[in-house]
Amino acid sequence: MSRLTPRVALVLAACFAAVALTGFPPRPEFAAADDKAPGTGPDKAAVERTRATVKMLDDLHKGYVVTITDTYVKAQERTPAATVVKKVFAHMEKNRHGTGRLIDATGSPLREGNVAKTDFEKAAVAAIKGGKGYVDEVGTKDGKPVLRAATVVPAVMPACVNCHPHVKEGEVLGALIYELPIR
Ligand code: HEC
């Protein structure tokens, strides 16, 4: 009997190990913890994918703003590309692709409502005025993870200055703000 005891002990040990593996949080969660932000944040790869999406969207919005301005907006009385930006963001939001805003960073917006409102927007405008081209943060909306990002909007062409005469060409005019779900 005494020769069996170590075996029994081994079997028991195996049982405890099995309980430990099944009854408690499984190991893979711990292994993946390194890929997560501290606490219960989304995994790093998902955040990186969302950053890549922001980059693409930012190029797209800026691309059509410049194209619309160049192609259609010949004078101050014409509808600016900023109006299209608002409509496209509203369309994207309706289709649950997150939200976006074009806001002022100069203190003199053409429309009063286009000022930084949230804490993130205010911090982003300060950072962009300080020379940053891009800032983001991971947060939550309705309990789900989101990436909030801001990119600089300079007065990239002479037409911008026609309607926003308080800045010089090339100077910072505003920021594009994105809040995208992290999936
Ligand atoms: C035809 C005039 C016109 C031109 C050209 C124009 N804008 Fe605007 N812009 C406006 C108007 C009007 C608004 C306010 C739109 C609204 O909120 O309805 C605006 C809003 C903005 C805002 C949000 C802050 C604010 O002032 O309300 C930014 C940033 C901006 N424009 C950047 C640009 C850039 C960059 C260009 C050049 C690519 C440009 N604009 C060209 C008229 C113009």
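The values are calculated or read from the model by the stated rules, or taken from the named source; none is laboratory data. Owing to the predicted nature of the structure, the values given are computational and were not obtained by experimental measurement. Note: ideal-geometry Cβ built from the backbone for every residue, glycine included; neighbour counts use all protein chains shown.
Being part of a loop (DSSP other than H, G, I, E, B) and either under 16 Å from residue 55 (Cα atoms) or among the basic types (Lys, Arg) (or both) is the requirement here; does residue 148 meet it?
no
Against the conditions (1) under 14 Å from the mean Cα position of the chain (by Cα); (2) of a type outside the set (Lys, Arg); (3) near the ligand (Cβ under 8 Å from one of its atoms), where does residue 103 fall short? Just the number, please.
Condition not satisfied by residue 103: (1).
Residues being under 19 Å from residue 103 (Cβ atoms), touching a residue at least 60 places away in the same chain (Cβ under 8 Å) and near the ligand (Cβ under 7 Å from one of its atoms): count how many of those fall in the range 153-174.
6
Of 162, 114, which residue is assigned by TED's automatic domain parsing to the domain that holds residue 80 and part of a helix (DSSP H, G or I)?
Of 162, 114, the one residue that is assigned by TED's automatic domain parsing to the domain that holds residue 80 and part of a helix (DSSP H, G or I) is 162.
Okay, residues lined up against (1) modelled with pLDDT of 95 or more; (2) touching a Lys or Arg at 6+ places or on another chain (Cβ under 8 Å); (3) more than 21 Å from residue 86 (Cα to Cα):
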residue: 145; (1), (2), (3): yes, no, yes
residue: 159; (1), (2), (3): no, no, no
residue: 164; (1), (2), (3): yes, no, no
residue: 176; (1), (2), (3): yes, yes, no
residue: 180; (1), (2), (3): yes, no, no
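Based on what the data block shows, is residue 170 in a strand (DSSP E or B) and under 24 Å from residue 70 (Cβ atoms)?
When the stated conditions are applied, residue 170 does not pass them.
Looking at the range 81-103 only, could you name the residues that are among the small types (Gly, Ala, Ser) and without any contact (Cβ under 8 Å) to a residue 40 or more places away in the chain?
Residues satisfying the conditions are 81, 82, 90.
So which residues in the range 45-100 are part of a loop (DSSP other than H, G, I, E, B) and away from the ligand (no atom under 16 Å from the Cβ)?
95, 96, 97, 98
Quick check: anything in the range 116-127 touching a His at 6+ places or on another chain (Cβ under 8 Å) and either modelled with pLDDT under 95 or within 13 Å of the ligand (Cβ to nearest atom) (or both)?
Within the range 116-127, none of the residues are touching a His at 6+ places or on another chain (Cβ under 8 Å) and either modelled with pLDDT under 95 or within 13 Å of the ligand (Cβ to nearest atom) (or both).
Please state which one of 78, 111, 51 is charged (D, E, K, R), more than 12 Å from residue 175 (Cα to Cα) and in contact (Cβ under 8 Å) with a residue 24 or more places away in the chain.
Exactly one residue qualifies, and that residue is 51.
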